[in-house]
1. Using only helices, what value at 222 nm comes out for the chain when you add -39,500 (n - 2.57) per DSSP H run of length 4 or more and divide by the total residues, to the nearest 500 deg cm²/dmol?
2. Based on the Kirkwood radius over alpha-carbon pairs, what is the Stokes-Einstein translational diffusion coefficient of the chain at 37 °C with 0.692 mPa s viscosity, in µm²/s?
3. Tell me the angle of helix 37-57 to the major Cα principal axis of the chain, expressed in degrees between 0 and 90 and rounded to the nearest ten.
4. Between the range 70-84 and the range 12-30, how many Å separate their Cα centres?
5. How charged is the neighbourhood of Lys80? Take every other residue with its Cβ under 11 Å from the Cβ of Lys80, and add Lys/Arg as +1 and Asp/Glu as -1.
6. Are there any chymotrypsin sites (Phe, Trp or Tyr not before Pro) in the chain that are in a DSSP loop and have at most 14 other Cβ atoms within 10 Å? List them by number.
Amino acid sequence: MNIYEVLGMFAAIITTASFLPQVYKTWKSKDTKALSLTMYIAFFIGVSLWTVYGFYLNSLPMIVANTITAISTLILIRLKLKYK
């Protein structure tokens, strides 16, 4: 793994981890009124496309980070629809 892949993995960990507290807070509180469904749907589409692009580039950091973020976003979308 070269230095750029290491930097990419580190960036992936930081950006993905920064998203998880929102998922946890929403899961625990069941308060979704401040979440924008439109934004999270657009965000899900975007990270899904980044995942596809990561596969094209064969970039493990891009694939892992965006897959985890896509799953987290789907959880928030589900919670938004369930508790609106």
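Rule-based calculations on the coordinates, nothing more; no lab input. Computed from a prediction, not measured in an experiment: that's the story for all the values here. So basically every Cβ, Gly included, is an ideal-geometry build from the backbone, and we count neighbours across all protein chains shown.
1. Computed ellipticity for the chain at 222 nm equals -30000 deg cm²/dmol.
2. Details: Rh = 13.4 Å.
Translational D for this selection: 245 µm²/s.
3. 20 degrees
4. The distance from the Cα centre of the range 70-84 to that of the range 12-30 comes to 12 Å.
5. Around Lys80, the charge tally is +4.
6. Answer in residue order: Tyr83.
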